[in-house]
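Notes to accompany the following structure.
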Amino acid sequence: MATVTWANSVLIIDDEMESLKGIIAFFKSIHWKVTTAVDEKEAILEFERANPCLVLLDLVLEKESGFEVLTRIRQLNPDTKVVIISKYFDYELIKQAMKAGAIGFVQKAETDELPSGFASLFRGAVA
């Protein structure tokens with residue numbers, strides 16, 4: 001089993017955690033530390049506490065825009081990789097997120113299963 005350090009930890013920021021069970025299970029299966037947050041305040045507190053190397057961020061949060069979270073994360077640690085996760089494919093929104101510092105986009109599955117292609121994308125990044 002791998003030793004869990006900041007280098008293999010992920011912060012998942014989404015106000016619909018129920019739909020992320022497959023993603024959370026995937027990261028746990030490769031021995032990553034998984035931290036979650038449901039809003040901007042909790043996200044920034046968890047980010048500062050956990051110092052993850054990867055953040056999965058839904059841009060459409062219930063109380064605020066995920067863009068505010070993305071901007072704050074980039075200010076706190078520009079080296080942190082941020083991947084946008086969403087049920088919806090909105091090209092303009094994704095383009096704006098990439099300009100703001102996100103490195104990619106993953107479309108969430110309609111169920112709590114792992115999105116198509118997700119495992120191969122991240123297995124390559126952690127191998």
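Computed from the coordinates by the stated procedures, all read-outs in this text should not be read as laboratory data. Quantities reported herein were computed from a predicted structural model and do not represent experimental measurements. Glycine also receives a Cβ, built like all others from the backbone with ideal geometry; neighbour counts cover every protein chain displayed.
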When Asp39, Asp14 are ranked with the fewest other C-beta atoms within 10 Å first, the list becomes Asp39, Asp14
Quick calc: nm separation of the 7 Å Cα→Cβ label points for Lys33 and Lys21 -> 2.6 nm
The simple spin-label model distance between Glu92 and Asn51, using points 7 Å out along Cα→Cβ, in nm, is 4.0 nm
Bridge orientation stat for the range 1-110 from DSSP, antiparallel percent rounded to 5, came to 5 percent
